[in-house]
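**Q** Take a look at this one; I'll ask things after.
The values are calculated or read from the model by the stated rules, or taken from the named source; none is laboratory data. Owing to the predicted nature of the structure, the values given are computational and were not obtained by experimental measurement. Cβ placement follows ideal geometry from the backbone for every residue including glycine, while neighbour counts extend to all protein chains displayed. SASA here: full protein model, heavy atoms, side chains in, ligands and nucleic acids out. Shrake-Rupley method; radii C 1.70, N 1.55, O 1.52, S 1.80 Å.
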Amino acid sequence: MLFSAMAIVANANAQDYPVKPIRMIVGVTPGGATDILARSVGMRLSEVFKQQVVIENRPGANHIVGGEITARSPKDGYTLQMIPEGFVINASMYAKLPFDPVKDFSPIAIVALVPNVLVVHPSLPVRNVKQFIALARSRPGQLSYGSSSVGSPSHMSGELFAVMAKVNYVHVPYKGQALALTDLMGGHIHIFFSNPVNVAAQIRSGRLRAIAVTGQSRTPAFPDVPTFAEQGVPGMKLSNWQGVGGPAGIPKNIVNRIAAEIQKLAARPDTKEKLNKVGFEPYFNGPEQTTEMLKADIVKYAKIIKDANIKVEQ
């Protein structure tokens with residue numbers, strides 16, 4: 001009888017949801033790709049739910065800081081988090097995490113896919129992947145690539161490329177893409193695998209040169225930049241996803257309601273146009289498919305880390 005009463009209350013709460021503002025944790029500083037997408041999703045949910053969605057930037061440790069806050073929050077649907085694919089890489093990059101990226105979260109939806117674009121300093125005498133591979137092989141250990149942090153998608157892209165192309169270069173981790181790009185434009189590092197939104201202006205102005213994208217097809221943001229597969233490296237296919245989740249135990253009705261609104265957002269023509277301009281591809285997966293994607297990617301990145309002999313952080 002008690003369980004029946006609790007179920008009735010939970011269902012009623014789900015139907016009334018939301019009755020107060022929702023906070024959305026973002027594990028990076030304002031202005032980056034994850035933050036931009038979070039604000040687009042938050043604006044949409046604010047419109048349909050008639051409640052404010054407050055973006056709360058909690059940067060640090062490749063989304064671990066924000067993830068810990070989310071995992072420990074009440075399971076009522078009033079704390080969400082914009083989660084990029086780098087979030088699940090942590091499961092294989094760190095020996096100890098303050099949470100389990102699958103068990104401690106309620107996956108809600110995948111919102112968009114985004115490839116990385118390989119950008120180089122204009123002074124580097126390469127204009128395509130073949131030329132870069134030849135240069136890197138002629139100068140083993142002398143070229144360097146930056147990443148936004150250890151275990152980030154930019155790090156994984158760099159290591160996967162090293163394995164696929166059989167090149168040896170030096171990894172220089174930073175605390176965020178902005179710092180890495182500043183050093184790239186200053187000539188302190190040679191290449192960087194970036195989210196398209198963070199380098200669009202620099203590419204168009206000529207301050208950086210784009211030579212390949214990691215997606216299965218060209219990105220609308222840079223239609224003239226070929227994929228790695230087109231340039232003879234078919235194994236370099238990494239389209240990172242961006243999704244929404246919350247702490248484990250959010251009532252299923254609430255999870256499904258949020259997911260339904262995100263699906264409507266992803267299907268809108270204006271959403272596609274807006275996201276395509278900055279390198280995103282609108283994409284939707286519901287809660288169950290998102291959970292399976294999380295699990296599959298943990299296995300995928302564990303293999304990349306093993307094949308590249310990347311040191312696990314203690």
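**Q** Quick one: would you say Gln231 is among the polar types (S, T, N, Q), surrounded by 15 or more Cβ atoms within 10 Å (Cβ to Cβ) and either over 25 Å from Leu80 (Cα atoms) or at pLDDT 95 or above (or both)?
**A** Criteria met by Gln231.
**Q** Name the one entry in Tyr17, Tyr94 that is surrounded by fewer than 18 Cβ atoms within 10 Å (Cβ to Cβ), at negative phi and in contact with a Gly (Cβ under 8 Å, 6 or more places away or on another chain).
**A** Matching residue, one of Tyr17, Tyr94: Tyr94.
**Q** Same structure again: Does segment 162-201 hold any residues that are open to solvent by less than 30 Å² (accessible area, probe 1.4 Å) and more than 22 Å from Gln242 (Cα to Cα), and which are they?
**A** Correct list: Ala162, Ala165, Val167, Tyr169, Leu184, Ile189, Ile191.
**Q** Within the group Ile305, Ile262, which residue is within 18 Å of the chain's Cα centre (by Cα) and within 30 Å of Tyr169 (Cα to Cα)?
**A** Of the residues listed, the single one that is within 18 Å of the chain's Cα centre (by Cα) and within 30 Å of Tyr169 (Cα to Cα) is Ile305.
**Q** Within segment 125-153, how many residues turn out to be at pLDDT 90 or above, crowded, with 17+ Cβ neighbours inside 10 Å and either within 20 Å of Phe222 (Cβ to Cβ) or not hydroxyl-bearing (Ser, Thr, Tyr) (or both)?
**A** Keep residues of segment 125-153 that are at pLDDT 90 or above, which gives 125-147.
Right, trim to crowded, with 17+ Cβ neighbours inside 10 Å and you get 126, 129, 132-133, 135-136, 143-147.
Of the ones still in play, those that are also either within 20 Å of Phe222 (Cβ to Cβ) or not hydroxyl-bearing (Ser, Thr, Tyr) (or both) are 126, 129, 132-133, 135-136, 143, 145-146.
Matching residues across segment 125-153 total 9.
**Q** Checking the conditions here, which among Asp35, Asp76 is among the acidic types (Asp, Glu) and under 24 Å from Leu181 (Cβ atoms)?
**A** On the way: Asp76 fails: under 24 Å from Leu181 (Cβ atoms).
Answer to the check: Asp35.
**Q** If I filter segment 28-63 down to residues being open to solvent by less than 30 Å² (accessible area, probe 1.4 Å) and modelled with pLDDT of 90 or more, which single residue comes out as farthest from the chain's Cα centre (by Cα)?
**A** Residue satisfying both the conditions and the ranking: Phe49.
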